[in-house]
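Report on the structure given below.
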Amino acid sequence: ASKTSSESLEKYKDEISGLPHGNGWSPSQHLCLHKGFWFYPHFLQGVLHARDHFKAKPNDVFICSSMKTGCTWIKSLCFLIATRTQFDDSTSPLRTTVPHDCIPFLEYGEYYTEAGPKTPLFASHLPYTCLPESVIDLGCKIVYLCRDPKDTYVSMWHFFRKVVATIAPGQEDLFVPIEEGFGLFCKGMSSYGPYWEHVLGYWKASLERPNKILFFKYEDLKKETEACVRKLAEFLECPFSIEEEREGTVQNIIKFCSFESLSNLEVNKTGKQVKRDKFVENNIYFRKGKVGDWRNYLSAEMGERLDNIIEEKLSGSGMTF
Ligand code: A3P
């Protein structure tokens with residue numbers, strides 16, 4: 001496993017400090033604008049490092065998503081699909097390793113992991129136009145996952161509130177109230193936002209190169225999980241054989257990756273990851289895993305407001321939520 005050293009990330013501090021700043025939802029962090037998208041400076045260091053140093057190989061596959069759209073889930077599905085001849089159910093690294101350590105994020109500077117050396121799978125929250133050039137030039141395959149913006153926002157708000165409580169204890173009370181954060185999200189000001197631009201970038205690319213970019217919605221993954229998993233396996237060039245179909249491999253993979261099963265694994269219940277020299281609990285990646293949970297936190301008017309913004313921003317693209 002190779003991990004990018006903190007010194008090699010530090011050198012991007014000057015470039016980043018010169019960028020326009022914006023409200024980062026809490027007093028302890030701000031967002032900065034790079035190529036039309038908002039990033040937390042800490043992640044942007046990794047983004048710029050990947051831009052300068054990451055060289056994709058033609059067979060690499062990238063699992064891309066904006067934050068909180070269900071990447072933990074789709075990563076787990078892809079990992080199990082792609083490694084099913086390497087490991088069986090009881091030996092899969094997913095049993096003992098948080099999904100994010102099975103398929104690393106480019107922008108954390110973690111390009112290779114112990115878990116899946118034979119599996120050229122990478123993950124990224126980067127917008128399409130910010131991916132390292134080699135990914136596009138080589139025509140690497142990309143799986144993209146998006147989610148209803150209202151649920152995405154609510155999930156993100158809970159996530160960052162928990163992160164702040166972990167990395168800046170005592171500051172969680174200063175974290176943005178849900179209504180105010182919603183206003184920022186609607187203005188496009190969120191990690192890797194504007195959310196709709198993130199979605200549009202991959203959507204358009206998927207129309208241009210449908211055999212290279214497979215586009216999913218969280219809600220469809222929930223509704224038609226089997227069909228989506230078969231599509232994923234074909235896309236990853238390891239379709240299920242007749243025998244596997246007969247043995248229920250598809251259903252087993254889905255069961256293993258279900259919210260209930262993944263979130264109840266010991267590693268995901270009580271394990272921790274080091275982030276920014278602080279420990280983040282793995283259970284932060286598992287909250288409810290439901291469609292429509294936004295209704296418990298946002299008013300119908302707020303929902304309508306965001307729906308209208310999204311409709312306008314996506315109009316003419318053919319993409320709808
Ligand atoms: P909620 O906060 O709405 O519960 P990401 O993985 O991109 O960080 O997204 C996190 C969201 O996906 C969270 O949504 C989380 O609960 C949900 N999630 C995590 N694992 C899941 C799974 N196996 N199936 C469905 N949803 C899952």
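The values are calculated or read from the model by the stated rules, or taken from the named source; none is laboratory data. These numbers come from a predicted model, not from an experiment. Don't worry about glycine lacking a Cβ; one is built from the backbone with ideal geometry, like all the others, and counts go over all protein chains shown. Ligands, DNA and RNA are excluded from the accessible area calculation, which covers all protein heavy atoms including side chains. Shrake-Rupley method; radii C 1.70, N 1.55, O 1.52, S 1.80 Å.
Here are the numbers for this structure:
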{"read-out": "Other-chain or far-sequence residues with amide H under 5 Å of TRP38's (modelled H)", "value": "SER190, TYR192, GLY193"}
{"read-out": "Probe 1.4 Å - accessible area at CYS32, Å² to nearest ten", "value": "0"}
{"read-out": "Share antiparallel - DSSP beta bridges, the chain, percent rounded to 5", "value": "45"}
{"read-out": "Within the accessible area of the range 145-202 (1.4 Å probe), percent carbon and sulfur", "value": "52"}
{"read-out": "Virtual spin-label span in nm between ASN283 and GLU312, 7 Å along Cα→Cβ", "value": "4.2"}
{"read-out": "Förster radius 45 Å - calculated FRET efficiency between LEU33 and GLU266 (Cβ-Cβ, nearest 0.05)", "value": "0.65"}
{"read-out": "Hz values of 3J(HN,Hα) by residue in the range 241-253 - Karplus curve (6.51, -1.76, 1.60), Gly and Pro given as x", "value": "6, 4, 5, 4, 4, 5, 7, x, 4, 4, 5, 5, 4"}
{"read-out": "The range 113-240 - accessible surface per residue (Å², probe 1.4 Å)", "value": "39"}
{"read-out": "Trypsin sites (Lys or Arg not before Pro) lying in DSSP loop within the range 218-309, provided at most 13 other Cβ fall within 10 Å", "value": "ARG276, LYS288, LYS290"}
{"read-out": "Rounded to 10°, Cα long-axis angle of helix 71-82 versus longest principal axis of the chain", "value": "20"}
{"read-out": "Peptides ranked, highest mean first, by Cβ atoms within 10 Å: ranges 171-180, 202-211", "value": "202-211, 171-180"}
{"read-out": "Inter-site label distance for ARG295 and ILE242 at 7 Å from Cα along Cβ, in nm", "value": "4.5"}
{"read-out": "Under 5 Å, built H, 5+ apart or other chain: amide partners of ILE142", "value": "PHE62, ILE213, LEU214"}
{"read-out": "Between helix 225-235 and the chain: long-axis angle, C-alpha atoms, 0 to 90°, nearest 10", "value": "80"}
{"read-out": "At most 15 other Cβ within 10 Å, DSSP loop - trypsin sites (Lys or Arg not before Pro), the range 12-65", "value": "LYS35, LYS55"}
{"read-out": "Karplus-derived 3J(HN,Hα), 6.51/-1.76/1.60, for each residue of the range 136-150, Hz, glycine and proline x", "value": "7, 4, 7, x, 4, 6, 9, 9, 10, 10, 10, 8, 3, x, 5"}
{"read-out": "Tilt relative to the chain, helix 195-208 - C-alpha long axis, 0 to 90 degrees, to 10", "value": "40"}
